[in-house]
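Asker: Structure in structure tokens, see below.
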Amino acid sequence: MKMSIAVTGALCAAAVTTAAFAAKPTTRNRVEIPAEFRWDFSAIYPDWAAWEADMKEMDARMDAFAKLQGTLAQGPDALLKAYQSFDEIGKLQYRLYRYPQLQRDVDTRDQAVAGRFQRVTALFAKFDTASAWFTPELLKIPEATTKEWIAKTPALAPYRFPIVDAYRRQAHVLDDKGERLLSFATQFNQAPRTIYQELSTSDIKYPTLRLGDGSSLPAATLTLAAGKLSADLGDGKPRPFDLSRVAAIEQVNGPASWLTDRQPAENVYLPYFGTGQDFPARMNLSGDGGRDLRFGGKSFRRGIAVHAYSRLVYPLDGQFAALRLQYAVDERMARADMTVRVKLDDKVVHEKQAVRGGTLSPVIFADLGGAKRLTLEVDYGGGTDVQDRLVWLEPALLRHKPAAEPPATPPPAATPATPPQPAGAQPSQPAATPPATTPSPSPASNPAKAAGDVGR
């Protein structure tokens, strides 16, 4: 049996049987997990309102600490007051930080929590600037004097180490203006780590590996060396795989997103006579339910099989620049006669009438141009819906437009189609996009369409 391997940059997947690995948890949705197995954040704050109140308290304490500037040399009591104030701020910081941070760890995709987490880190950066004067001012006091204060003031004893350590590092401390200037770089210096965390946790989409038994597994890395393949399925343990069992290596979460992996907002099927027949869109299957997607002497790995009348609508989120697809009809469908349309919002960007058995369209590209909705429509043709079965082949959303524009004149329908290119690739001679024609009305003989039951 052949296997498939999915790859995304450093993320890869390899097909294996699931018997050797632990069963997948029944749910990853926190609200579906029993309360006794979930973190209880109420020990930190009862709710976000209490957290917001302490955010304001933190601001007030920061202002009070800043007013201590210029007082440290007044004696041990003044130094103790500064350190105790700093301690109280530190305890408050810990609570303010952990409340959103731990909730963010539960679900890094929660933008409301992420926003609060960013607010508290910005507040800490502000405190770094507000307290930049402290160490330079402390070091203006002779070390012997501070040691004497510590010896005579028991309450200063817990702060002996940070005080002595400040003098040890004295050669590397700037004056208050220099330290303040450095404090402004706090958030900037944290940016690379923060960006990496977001990309590697919040935004990451692990590839889906479909196995021969119908199950799936995520994976982390793939290594090919000296003709031997190994894959890490996320547990840090590379496992060897027989290359002879590997059917393909496919990039995912990269320059293309397959429509076969996306959930359509609308999946409409309406039989010609409204007899209650059901022919839902079938992912990666041919019109007769088989897995062999072979048309025009070429094999295709992905497809969506539909039956007229069919309408698939996909929402577009602005992350992709172009659409790429083909479509085909099995040559055995001798009575097929369909009209095929591709629409962006309400604009028809491709239409082909009299699509019959044996058709393999050229590769079709369309500039998404900020559209919010993609519609793939297969309408009745000149007859009824007998054998009106079509497969959308390797439909993909591309992050980047193809480098070259398709030629203005499409090849005749009978001409063999351009071989399919990998999604996201830039074919050296891309096939043309047939010019959109004015949409023609559906046959008046169709009572359902005449009554307006099926929209365009």
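The values are calculated or read from the model by the stated rules, or taken from the named source; none is laboratory data. Keep in mind that what you see is a predicted model, and the values were worked out from it rather than measured. With ideal geometry, Cβ positions are generated from the backbone for all residues, glycine too; neighbour counts draw on all protein chains shown.
Asker: Only one of P402, P412, P420 is at pLDDT below 90, surrounded by fewer than 17 Cβ atoms within 10 Å (Cβ to Cβ), of a type outside the set (D, E) and assigned to a loop (DSSP other than H, G, I, E, B). Can you tell me which? Lay out the reasoning, then the answer.
Answerer: On the way: P402 fails: surrounded by fewer than 17 Cβ atoms within 10 Å (Cβ to Cβ); P420 fails: surrounded by fewer than 17 Cβ atoms within 10 Å (Cβ to Cβ).
Going through P402, P412, P420 in turn, the sole match is P412.
Asker: Continuing with this model, one more query. Considering only residues that are touching a helix residue (DSSP H, G or I) at 6+ places or on another chain (Cβ under 9 Å) and aliphatic (A, V, I, L, M), look in the stretch 346-380 and name the one that is nearest to L325 (Cα to Cα).
Answerer: At the first step, the residues of the stretch 346-380 found to be touching a helix residue (DSSP H, G or I) at 6+ places or on another chain (Cβ under 9 Å) are 374, 376, 379-380.
Those left that are additionally aliphatic (A, V, I, L, M): 374, 376.
Details: L374: 12, L376: 10 Å.
For the stretch 346-380, the residue satisfying everything is L376.
Asker: Right, something else. Can you tell me how many residues in the stretch 66-76 are in contact with a helix residue (DSSP H, G or I) (Cβ under 9 Å, 6 or more places away or on another chain) and either basic (K, R) or part of a helix (DSSP H, G or I) (or both)?
Answerer: 4
Asker: Among (1) under 26 Å from W48 (Cα atoms); (2) in a loop (DSSP other than H, G, I, E, B), where does Q118 come up short?
Answerer: Failing condition for Q118: (2).
Asker: Could we say that Y272 is modelled with pLDDT of 70 or more, of a type in the set (S, T, Y) and more than 30 Å from T375 (Cβ to Cβ) here? Working first, answer last.
Answerer: Values: modelled with pLDDT of 70 or more: yes; of a type in the set (S, T, Y): yes; more than 30 Å from T375 (Cβ to Cβ): no.
Considered against the rule, which asks whether it is modelled with pLDDT of 70 or more, of a type in the set (S, T, Y) and more than 30 Å from T375 (Cβ to Cβ), Y272 comes out as no.
Asker: From the set of residues in the stretch 338-396 that are acidic (D, E) and more than 14 Å from L316 (Cα to Cα), which is surrounded by the fewest Cβ atoms within 10 Å (Cβ to Cβ)? Let's see the steps before the verdict.
Answerer: Taking the stretch 338-396 and keeping what is acidic (D, E), we get 345-346, 351, 367, 377, 379, 385, 388, 394.
Checking the rest, the ones that are also more than 14 Å from L316 (Cα to Cα) come to 351, 377, 379, 385, 388, 394.
Details: E351: 19, E377: 24, D379: 25, D385: 25, D388: 29, E394: 23.
By that ranking, first place goes to E351.
Asker: Conditions first: (1) buried (at least 17 other Cβ atoms within 10 Å of the Cβ); (2) free of Cβ contacts under 8 Å to residues at least 40 places away in the same chain. R294 passes all but one, so which condition is the exception?
Answerer: Looking at each condition in turn, R294 falls short on (1).
Asker: While we're here: Scan the stretch 44-103 residue by residue and report those that are of a type in the set (F, W, Y) and over 27 Å from E137 (Cα atoms). Spell out the reasoning first.
Answerer: Of all residues in the stretch 44-103, those of a type in the set (F, W, Y) come to 45, 48, 51, 65, 83, 86, 94, 97, 99.
Residues satisfying the conditions are Y45, W48, W51, Y97, Y99.
Asker: Scan the stretch 178-188 and tell me whether some residue there is loosely packed, with under 12 Cβ neighbours inside 10 Å, out of contact with any His (no Cβ under 6 Å at 6 or more places or on another chain) and in a helix (DSSP H, G or I).
Answerer: Yes, that holds for at least one residue.
Asker: Please find, within the stretch 359-372, the residue that is nearest to the chain's Cα centre (by Cα) out of those that are closer than 21 Å to H307 by Cα and assigned to a strand (DSSP E or B).
Answerer: The extreme case among them is I364.
Asker: Looking at the structure I just gave you, is A19 hydrophobic (A, V, I, L, M, F, W, C), modelled with pLDDT under 90 and not in a loop (DSSP other than H, G, I, E, B)? Give the derivation first.
Answerer: On the way: hydrophobic (A, V, I, L, M, F, W, C): yes; modelled with pLDDT under 90: yes; not in a loop (DSSP other than H, G, I, E, B): yes.
Yes, satisfied.
Asker: What are the pairs, 6+ residues apart or on separate chains, where a residue within the stretch 161-185 that is farther than 21 Å from L68 by Cα and free of Cβ contacts under 8 Å to residues at least 60 places away in the same chain has its Cβ under 8 Å from a residue that is among the charged types (D, E, K, R) and surrounded by 11 or more Cβ atoms within 10 Å (Cβ to Cβ)?
Answerer: Filtered contacts from the stretch 161-185: no entries.
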